[in-house]
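A short worksheet on the structure shown next.
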Amino acid sequence: MAKILKEGVDPGVVKAADDKVRGIVEATLADIEKRGDAAVRDLSVKFDNWDRDDYRLTQDEINACLAEMSPQDIKDIEFAQAQVRNFAQLQRDSLRDIEVETMPGVILGHKNIPIQNAGCYVPGGKYPMLASAHMSVLTAKVAGVPRVITCAPPYQGRPAAAIVAAQHMAGADAIYALGGIQAIGAMALGTQTIDPIDILVGPGNAFVAEAKRQLYGRVGIDLFAGPTETMVIADETVDAELCATDILGQAEHGPDSPAVLLTTSERLARETMGEIERLLKILPTAGYAAKAWETYGRVIVADDHDEMLSIANEIASEHVQIMTDRDDWYLENMVNYGALFLGPRTNVAFGDKAIGTNHTLPTKRAGRYTGGLWVGKFIKTHTYQRVTTDEASALVGRYCSRLCMLEGFQGHAEQANIRVRRYGRQNVPYAEGASPLAGIDKAAS
């Protein structure tokens, strides 16, 4: 049985905090829907001390942000965007339209159609997270979305130059300097100056995540992407410094970022806990990381790898860093997670910033039912059907009519019956060998 060396905050405390957030978000969205731009401006002033006549950035403002970037900054952004674009294109190429004659005279197919309007949220209150622009805007553009707008909060009283540069370089059609619930509400509901979108994507804090959850149905969303979560699964093939670094590297996102060490080695667990305390004394972002570790950090020692696998699948963490003597075994058997990072040579930061996979990933155990943001999230797969012969229409019609009557849908049945009457051979019983559908046809008679 697993041994708990450190436990996180009581689930009841988390639920109470979630309930408070839910009420605030509900009231705020209602205000945005009622008052539009005026509500958005009031919220921007209140939470970001940020007021403008128009929150959309002009081309001159975008150019000014680009001018602030050094040549190396631009090259670095270009490198990251090339990796994200390449992987997204490979994903897009894997999605094919199909059209198949499933039986003589019956043609079924589907088409992959891009969503027409996407809104991308780029977090930037604590840190200017330009990587979220790559992950959302580029992915949408590779999918073929014709209109992509972005929102990011001001950083230190002005648009974050790095975020604006990344948004522009990724291909955003409009860039707004807005953050928080007001940005999510404006994009989804629309205002007097912002046309509404069809899908909302991008990570954010608890308020942003809850706003997306409440708006789902009115618009699509990518997934529930709240405060960052990380899990390190390790055995004695790695050391405490590596484990502690990978835990704190994600805990620094904010004070509500859960972090879990799951190991088969109590020695490694205790050494990692000690190493975390050492690193927190020198880490510049320890203000956030220490609070996250204190409140949400967990350390679990399992009896063996089978138990670690079971615990990991139950927790369903957003990021799962695996450093063991059997990393591929976890790849084969893990079923609930956001993304896997296999082996000590890679890490979550690679995925967050530069390697090409998407960093917008499911949190709050949503990895049980969805994967992360990818090009397919911006694609709608629509089916169609075509019946090309009288025989096929009559055959399917007979089956359909009887099945409709089993359910009591007489109007449905008549839709089938009229095809049987018009396209079936009148007064001629079906006989084996009488049509290309003879074998099936006889069973339907």
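Read the figures in this text as sums done on the coordinates, not as results from a lab. Computed from a predicted model, the values in this text were never measured in an experiment. For neighbour counting, all protein chains shown are included, and Cβ atoms are generated from backbone atoms with ideal geometry for every residue, glycine included.
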Inset, instruction - Name the most mobile residue of Ala80, Ala16, Ala416, meaning the one with the largest mean-square fluctuation, in a Gaussian network model of the chain with Cα contacts below 10 Å. - result: Ala416
Legend entry - Of the trypsin sites (Lys or Arg not before Pro) in region 135-241, those whose Cβ has at most 15 other Cβ within 10 Å and which sit in DSSP loop: Arg218
Inset, instruction - Could you compute the FRET efficiency for Asp53 and Glu26, with r as their C-beta to C-beta distance and R0 at 41 Å, rounded to 0.05? - result: 0.90
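Note down the relative contact order for the chain as a percent, whole number, built from C-alpha pairs under 8 angstrom at least six residues apart. Please list the in-between numbers first.
Values: 885 pairs, mean separation 81.1, N = 445.
Relative contact order of the chain: 18 percent.
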Inset, instruction - With 21 Å as the limit, write out which pairs from Lys111/Lys377; Lys212/Lys364; Lys291/Lys364; Lys111/Lys212; Lys15/Lys281; Lys212/Lys380 have Cα-Cα distances beyond it, or answer none. - result: Lys111/Lys212; Lys15/Lys281
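Within the chain, which is the longest segment that contains none of the GluC sites (Glu not before Pro) sitting in a DSSP loop with at most 11 other Cβ atoms within 10 Å? Could you put the intermediate results ahead of the total?
Values: sites that count: Glu7, Glu432.
That gives 8-431 as the longest site-free run.
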Legend entry - In nm, spacing of pseudo-spin labels at Thr383 and Glu61 (7 Å Cα→C-beta vector): 4.6 nm
Legend entry - Label zone at Asp73 (point 7 Å along Cα-to-Cβ), backbone N below 19 Å, region 121-137: 122-135
Inset, instruction - Apply the Kirkwood formula to region 65-152: the hydrodynamic radius equals the inverse of the mean of 1/r over all pairs of different alpha-carbon atoms; give it in Å with one decimal. - result: 15.5 Å
Legend entry - region 207-289: radius of gyration over Cα atoms, expressed as a fraction of 2.2 N^0.38 Å: 1.37
Legend entry - Span from the region 272-335 Cα centroid across to the region 213-254 one, whole angstrom: 10 Å
Legend entry - region 1-157 - Rg (one decimal) and Dmax (whole number), Cα, Å: 22.3, 67
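Within region 257-300, which trypsin sites (Lys or Arg not before Pro) sit in a loop by DSSP and count at most 14 neighbouring Cβ atoms inside 10 Å?
Working: sites: Arg267, Arg270, Arg278, Lys281, Lys291, Arg298; in loops: Lys281.
Of the trypsin sites (Lys or Arg not before Pro), the ones in loops of region 257-300 whose Cβ has at most 14 other Cβ atoms within 10 Å are Lys281.
Listed highest first by mean packing, meaning other Cβ atoms within 10 Å per residue, what order do 86-96, 40-50, 360-370 come in?
360-370, 40-50, 86-96
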Inset, instruction - Can you pull the one-decimal nm distance between simple spin-label points at Arg422 and Ile4, each 7 Å off the Cα toward Cβ? - result: 6.7 nm
